[in-house]
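Reviewing the structure listed below.
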Amino acid sequence: MPSLFVIQGFNKGARYDLTAHEGAMCIGRESGNFVQLDDNEVSRRHAEIRRVGAGFVVGDLKSSNGTYLNNRKVERAELASGDQIQIGRTVMVYSKDNEVPSVGLVDIVATQGHEGSRIVRSMRDDEENLAVFAPDDTQNRWLARARSNVQVMYRTALAVSHTLDIDELLGRVLQLVFEWVEADRGCVMLLDPETKQLRTKARRDRKVGDTTSMAISRTILDYVLDRGEGVLTSDAQDDDRFSSGNSVLRTGVREAICVPMQGRYGTVGVMYVDTMVPLAESIESGQRRFTDEHLKLMIAIGHQAALAVEDTTYYSAMVQSERLAGVGQTIATLSHHIKNILQGIRGGSYLVEMGLENDDAGVLRKGWDIVARNQNKISSLVMDMLSFSKEREPDPVPSDLVALVTDIAETVQQRADEAGITIHWDPPQDLPWLIFDPEGISRAVLNVVSNALDAVEDRPDPTVEIKVERDRQAGLVRIVVVDNGAGMDAETLATVFNLFVSTKGSRGTGLGLTVSRKILREHGGDIRATSTPGAGSTFTLEFPLQESADEPAGNTAPDGPVP
């Protein structure tokens, strides 16, 4: 019976029968979904599962954080038994036979007594090379193994160099290990930088259907971490080094390999693989599945994976450092603007006090208008700085784009009236509610409209036109802002979206358009500009068209253009 099991997250342990529902089975936060998840990182309608022929297909519903299948982001993919579906912080497993696969379940155990697995071989990463030459080997066999091992390391290096996502990287490494080593189960555990405790980051099973956790001995883990040596263990061997202490837990595992992930600056974790062949079968065959050559390969693979983990970690830290440096540069660049704004507030406050003392309503109103304008300026600066300095995932909800743009037009109308600027905004009558992040889009549009007002000041017949267009064929919605300002030449146009680049001299911060582009790209869209010197500029903001079915009854766009 095909089922979906939640193995990680707030709903852990829940099971959903995929045969009990016809049509699309939606997954999300809303109560109407077939699978309702209590996860703040999950969209209201995040993904869906559909029956296609004899199988099932998972598809993303344009969610904020995406849908991942086996650590890969997907739009639509066919499900195989044992596949992991990650949505937000929730991980689910698809199973054809109604058995819970043992993914993500790893326990570190400590046992008493002298029975169980013992270390057969231990090895450091500087012992010999990958190729093993035994006296009974022929030269051809030695060369064949050497070529195979070189190919193994080449493919490992290639795999770890193509991703900067640690989870995806470790999943690839385990996949390659299973191609080269006849293991039944495997996992990668990384050391937490703060607690120094091992945390399972990747798990793989050759067979799906095992409902038990994978138990790994604390004895072996401590040995590998303390000595920096890889070990090969077997149920059929004894080792005097562990005769008076804890032994490896005997769980039916015949052989296991555990190696340190040794990077440039220390050990970042361990890699572990084992077999589940019964001991009786091992004794009867008289052959070991894991050899010293496998151990050497695993040590080399663990070293490659550790270097990749370090590179990814340091790259992420470097990106964060550059972002913080950008914030510092932003603050330094904007400090004189903030100073000017504060001086304006002081001047307005002085007029307010004068009006109160003299009971002069005209002076009081003039002073308060100055204070209000400068408060809006400093608020805009702070919001732009916050938007630029941190990563923000959009929160798309059913929203009225026409009402949003109308509100922006009304917000800037007073400023336009004072400067003698005409704003043309003709709301479309047939635009339904759309799914987008209203806070982010409002910020982006307001920045562009404010820039357009700045561009037409002191121009003859200053005019700003705002339009909203829906392109069903391209699957986009566009907000177009046109001004008849002085325009820009090709050189200025090429840099207009760069940080700290402003065409307004000391009046501009060089943040507004940068932030607008960042917001649009977070939505999966972009912003474009065209301009002709002396004839004005056109800015087009576009993002994916997603119509909502949740439009309230009776909602219509306002009739006629806003004056």
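What follows draws every value from the coordinates through simple rules; no lab data is involved. The structure displayed is predicted, hence computed values, not measured ones. Backbone-built Cβ (ideal geometry, glycine too); neighbour counts: all protein chains shown.
Please give the contour-minus-distance gain from Arg76 to Arg415: 0.36 nm per residue of separation, less the Cα-Cα distance, rounded to one decimal in nm.
Values: separation 339, 0.36 × 339 = 122.04 nm, distance 4.82 nm.
Fully extending the segment from Arg76 to Arg415 adds 117.2 nm.
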Exercise for the section: Would you mind computing, in nm to one decimal, how far apart the modelled labels at Asp430 and Val52 are, each placed 7 Å from Cα along Cα→Cβ? Expected result: 3.3 nm
Handout entry: Modelled FRET efficiency - R0 60 Å, Asp369 with Asp292, Cβ distances, 0.05 increments
Key = 0.10
Completion exercise
Surpassing 30 Å at the alpha-carbon level, of the pairs Lys62/Lys467; Lys73/Lys96; Lys96/Lys296, are Lys96/Lys296
Fill in the blank from the handout: Under the Karplus relation with 6.51, -1.76 and 1.60 and θ = phi - 60°, whole-Hz ³J(HN,Hα) for region 406-418, x at Gly and Pro, equal 4, 5, 5, 4, 5, 5, 8, 5, 5, 4, 5, 4, 5
Handout entry: Residues of region 511-525 with amide N under 20 Å of a point placed 7 Å along Cα→Cβ from Thr492
Key = 511-517
Fill in the blank from the handout: Length gained, Ile378-Glu179, 0.36 nm per residue minus C-alpha separation, equals 65.7 nm
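Determine, from the Cβ-Cβ distance of Arg472 and Ile338 and an R0 of 60 Å, the FRET efficiency 1/(1 + (r/R0)^6), rounded to the nearest 0.05.
On the way: r = 45 Å, r/R0 = 0.74.
Result of the calculation: an efficiency of 0.85.
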Exercise for the section: Return the FRET efficiency for the residue pair Thr530, Val397: r is the Cβ-Cβ distance, R0 is 25 Å, and the value is rounded to the nearest 0.05. Expected result: 0.20
